[in-house]
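A short reminder: the numbers here are calculations on the coordinates, not readings from a lab. Worth saying up front: this structure is predicted, and the values here are computed from it rather than measured. Heads up, the Cβs are rebuilt from the backbone with ideal geometry, glycines too, and the neighbour counts pull from every protein chain shown.
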């Protein structure tokens with residue numbers, strides 16, 4: 001399974017929804033709280049191609065995007081393949 005990394009904030013409902021989907025699928029992930037660890041936010045912005053909102057989700061070397069994109073992959077039946085790649 002590909003490593004999953006998600007940049008989040010504890011105040012973000014979209015972050016909670018994205019983590020909920022990953023948890024339901026039994027996917028382990030590393031989480032970077034950019035509110036508690038503000039020094040990591042520039043890293044997130046650079047990796048996400050300038051995007052500043054959370055969540056920003058990475059599966060392996062693929063930048064998925066945010067919560068909406070993660071759920072779109074799931075609805076399209078493509079999330080499992082990306083996780084397994």
Residue list for the range 20-31, filter: out of contact with any helix residue (DSSP H, G or I) (no Cβ under 9 Å at 6 or more places or on another chain) and in contact (Cβ under 8 Å) with a residue 12 or more places away in the chain
30
Residue within the range 32-42 that is touching a helix residue (DSSP H, G or I) at 6+ places or on another chain (Cβ under 7 Å) and surrounded by 11 or more Cβ atoms within 10 Å (Cβ to Cβ) present:
yes
Within the range 70-84, can one find any residue that is buried (at least 16 other Cβ atoms within 10 Å of the Cβ) and without any contact (Cβ under 8 Å) to a residue 24 or more places away in the chain?
yes
